[in-house]
Amino acid sequence: MTCQGCARHATEALQGVAGVDSAQVRLDQAAATVRVMPDATVLVLDLIAAVEAAGFEAKEVNHEATASSSRSGVSWSGWKLNVLLGVPATLFFMIAEWGFKVGMENWFHWAGFLIALPVQILCGGRFYRGAWKQLKRGQSNMDTLVSLGSTTAFAYSAWGLFAGWEGHLYFMESVGIITFVSVGHWMEALTSSKAAGAMESLLNLAPEKATRIVENGAEEHIPVAKLKRDDRVILKPGDRVPMDGEVIDGASAVDESMLTGESLPIEKAEGSKVYGGTLNRNGRMVMRVTETGDATALAQIIAVVQRAQTSRANIQKLGDKVSSVFVPIVIVIALLTAAGWFWAPEQARELSAFFARFLWPVSPAEAALTAAVLHAAAVLIVSCPCAMGLATPIAIMAGTNVAARRGILIRDGEALEKSGTIDAVLFDKTGTLTSGHPSLKARIDLRGDSESDAASLLHLAQALAQPSRHPLSRAIVNAAANPTAAPELQNWEELQGKGIQANGPDGALKLGSLSWLNESGVDIGGAAAFTAEWTARGATVIGLAENDKLLGAFALIDTLKPGAPEVIATLRNDKCEAWLVSGDHRSVAEEIARQAGIAPDRVFAEVSPEEKAGIVDRLQSEGRRVAFVGDGINDAPALKQADLGIAVSRASDVAREAADIILLNSDIHSVPEALGLARATLRTIKQNLFWAFFYNAAAIPLAALGFLNPMLCAAAMGFSDLVVVGNALRLRGRQSG
């Protein structure tokens, strides 16, 4: 492979193999990492065959060798060879011809041939091999153009040398073409590696060794790859967590910033979850391994980022269509240029002179053959299909890497495109705009007024809520520190968006929304005053009923996340309307909306999880482009229905999300940040595509008319790639928020 365009073609070939989930090809390491879909069988031989069919060579390497190569920072030895040989040779020609004016001397012609020949063979070999492999497949690429252009200049000069010509020969141009293109690729490779910096950081997060506790209590240092589920691992201060697990002893603060974007260390104690790749700060802990290999949060995050970087955006299709026919068209233009300068030299000179009045003066070669060869070679060299091929993928790579550093996972290139058109953001309330951790603020026992009766009412509700993971259920459970013996329950069932029901000793028990209880035939009138008082304060009121009698009610308050009003204001400034959807009573939803700065007429209340997708569809039918922000657990239909689904998630939930963008930390500020970063990436893609088309549309005619010599064309071609890569690299410096 000679450039990022080659890496892209190899990636597409690997992704075309049945059963492949994602593939990442690293130009710097000349290596590919392939992830296979669950339950799929993919043979390494099939992958190698796909790479070879794309015009490249491949072989299998073991995991340890790949990891070692990844960590060693192998740096572009192939291009370095070209640079080390080509630059001195080019400088020799430039100094001799331009400084000492010996370009017309016979001895210099022979010296030039002897210097140019090894450069042509050793440095040009990479281009010749690449062009030959593409030719065998009936295709062409940038290697084809460079090989033709350089060979044309060298062969023409060698022919003139052995024929005894007295005029100027063009060995400097043949060497300069290969050298400048090689320097451009070398710099492109270096800058591209910076664009992939976050991925490299993610890959290097996992430690190589871990300290495992064996059966007799002794400690042993083993490779992380040998860890199994339920192994006990010691984490000392400064250790990185090797795999996902659960703390079974000790306490410490763990830095999860690289994994989730959370800036502050998270306190961990017995029972806490820890994730592979995170950093144990200051305490000693013992963890039990719960997930290994590709099941860990880090592996899933890496897979998502890789999938995004190798995805194809719709905007890329135009560049791909042009690139597929670009090289043959350029070769035809070069042949027409040669024919024009050779068969109609006077007309070609007149046309060049006409445009020179508006551009800059030029002096085409006197001999028709020389002019034909030089200008045709210039057309071949100045053309840059790589810039068009790189415009989209390099921007996606840079954008997704910057997002990953901030705990934002972007699924693919299409998500970036969709984000640029969003004008409405619909927030789910619980766990998104609010903290998702409500607490019990008040209760009413409709059976009596004694404290003991009130306590028993709470314990009965706790027994019903215990198996549920819903935030309201957990608030009820956490409200009673020392519950009394709970009655035995049978046929326990949780109804999404409504509540919980089970059979108790004295009949059917229900714990849930008052509207659901009312629909079930329960008289809720006894809690009317209590409900009115607490809903006005922004509380969610749920009731506990036995058969058709309301036993009591509980007021639970979920606080607004810090900074939510600022987030809504930021979206408004970005011309995005904010909406709120909730299953709560309207007065509760409107109170939360008021605190956040959302207008009451943009609140959807008492909505079941199944109806949220319908709300999204309703907004879309009004012509809005809707982003839905939810917790990614009960909101999958709405996330799918939305033009852009944004899930506020935990690291362990990544693989199950239905969203286009996943926020690994719960900071609500990540929503406008994710949208802003995606829009910035989309702008970069458009800028790159504009530059690539503009450059080729302007440079090729200039070269054909004699305004650009082959050496300048080689430098311009390399510069074009650098502009595209460098523009994408600007995303790395984009400020958060």
Arg137-Val332 pseudo-label distance in nm [points 7 Å out on the Cα-to-Cβ vector]: 2.3
Percent RCO, i.e. relative contact order, over the chain, from Cα pairs under 8 Å lying at least 6 residues apart: 14
Only Lys, Arg (+1) and Asp, Glu (-1) charged, at Cβ; the stretch 206-287 dipole about Cα centre in debye: 160
Angle in degrees between helix 297-309 and the longest Cα principal axis of the chain, rounded to the nearest 10: 40
GluC sites (Glu not before Pro) restricted to DSSP loop in the stretch 546-630 with at most 12 other C-beta within 10 Å: Glu622
Cβ charges +1 (Lys, Arg) and -1 (Asp, Glu), total dipole of the chain, debye: 2000
Close Lys-Lys pairs in the stretch 522-668, where close means Cα under 28 Å and separation is 8 or more or interchain: 6
FRET E, pair Ala536, Arg618, Förster distance 22 Å, beta-carbon r, rounded to 0.05: 0.20
Cα long-axis angle, helix 171-195 against the chain (0 to 90 degrees, to the nearest 10): 10
Share antiparallel - DSSP beta bridges, the chain, percent rounded to 5: 75
Carbon/sulfur fraction of accessible area - the chain, other protein chains in place, 1.4 Å, %: 56
Chymotrypsin sites (Phe, Trp or Tyr not before Pro), loop per DSSP, at most 10 other Cβ atoms within 10 Å - longest free stretch of the chain: 359-737
Per residue value of the accessible surface for the chain (all protein chains in place, 1.4 Å probe), Å²: 44
Degrees, to the nearest 10: 44-53 long Cα axis against longest axis of the chain: 40
Radius of gyration and Dmax over the Cα atoms of the chain, both given in Å: 33.4, 118
Farthest positive-ward along the chain dipole, Cα basis, beta-carbon charges - from Ala593, Pro207, Thr144: Thr144
Shape parameters for the stretch 355-438, alpha-carbon atoms, Rg then Dmax in Å: 26.1, 86
Selection from Trp110, Met94, Gly676 lying farthest towards where the dipole of the chain points positive, charges on Cβ: Trp110
Pair Leu45, Val286: separation of 7 Å Cα→Cβ label points (nm): 4.9
Between the stretch 510-579 and the stretch 112-135, the alpha-carbon center distance in angstrom: 74
Lys, Arg +1 and Asp, Glu -1 on Cβ, resulting dipole of the stretch 349-460 about Cα centre, debye, nearest 20: 320
Equivalent ellipsoid semi-axes, the stretch 122-179, via Cα gyration tensor eigenvalues times 5, rooted, Å: 25, 11, 8
The stretch 340-441, relative contact order in percent, only Cα pairs under 8 angstrom and at least six apart counted: 15
Helix-only CD estimate at 222 nm, as mean residue ellipticity for the chain, using -39500 (n - 2.57) per DSSP H run (n ≥ 4): -16000 deg cm²/dmol
Charge-dipole axis of the stretch 544-651 as Lys and Arg at +1 and Asp and Glu at -1 on Cβ define it, positive-most pick from Ser582, Ala642, Ile615: Ala642
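The values are calculated or read from the model by the stated rules, or taken from the named source; none is laboratory data. What you are looking at is a predicted structure, and each value in this text was computed from that prediction instead of being measured. Reconstructed Cβ throughout: ideal geometry from the backbone, glycine too, with neighbour counts over all protein chains shown. With ligands, DNA and RNA removed, areas are computed over all heavy atoms of the protein, side chains included. Shrake-Rupley method; radii C 1.70, N 1.55, O 1.52, S 1.80 Å.
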